[in-house]
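Values quoted throughout were computed directly from the atomic coordinates according to the rules given, and no laboratory measurement underlies them. None of these values were measured; they are calculated from a predicted model. Quick reminder, even Gly has a Cβ in these numbers, built from the backbone with ideal geometry, and neighbours come from all protein chains shown.
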Amino acid sequence: MEHVIDWLKLWEEIVTVKMGMGNQDDESLVEAYWKKKAARFKKKADSSRSDPGSSRQLIASGLEAHPDSTLLDIGAGSGDWCEFLAPYAKKITALEPSDTMVGLITQRIQSGKFENIDIVKGKWPIIDIEPHDFTLASHS
C-alpha cells in the first residue's frame, strides 16, 4: 500500500516547529507568538511603502488589468499587502487568524480610509469563504 502524505498536517507541523510551540491548537500560545511578532511585522510593512518591490508591482499589474476583481489575502498579517493592493481591486478580503494582527489590519484600514477591505478572522482552509477572483498567500 502506498503511503499518502497529509500535506495540511505536514504544513501545520512545520509551522508549529517554527513557532517553537508544542500545540498549535492552543490559541493562547499562538496569540502570544503573534503579540511578540506584531511590532516587527508592522515596522517591516511600514518600510515597504517606499519600495513596494517587484512582486507587489506584478500582482498590482494583474489586478489593474482586471479592475472589477476580488482578492482573498490568506494570512493577511499586518495588512500591508491589502493596503498596497486596495487601489487595484474592487474588494479585498483579509483572512487572518490572530486577534493581534487583525488589530493591526484594522488600524491600517482606518488610517487609510479603505472601504474595499473586509477583515475575516479565521484560519485557512478551515473557514468557509466565498470564491474570489485572485488569492494571495504571501507568507506561506
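In this structure, the amide hydrogen of LEU72, modeled 1.01 Å from its nitrogen in the peptide plane, lies closer than 5 angstrom to those of THR93, PHE134, THR135, LEU136, counting only residues at least 5 positions away or on a different chain.
Were the residues from ALA32 through LYS9 laid out at 0.36 nm apart, the gain over their Cα-Cα distance would be 6.1 nm.
Each peptide in 96-102, 62-68, 118-124 was scored by the mean count of other Cβ atoms within 10 Å over its residues; highest first, the order is 96-102, 118-124, 62-68.
Extension gain, SER61-LYS91: 0.36 nm per intervening residue step, less the Cα-Cα distance, totals 9.2 nm. What the phi angles of segment 82-99 give under the Karplus curve with 6.51, -1.76 and 1.60, with θ = phi - 60°, is a coupling list of 4, 4, 5, 8, 3, x, 9, 10, 5, 8, 10, 10, 8, 9, 8, x, 8, 4 Hz, glycine and proline written as x. Out of every Cα-Cα pair that segment 84-140 contains, those further apart than 15 angstrom amount to 50 percent.
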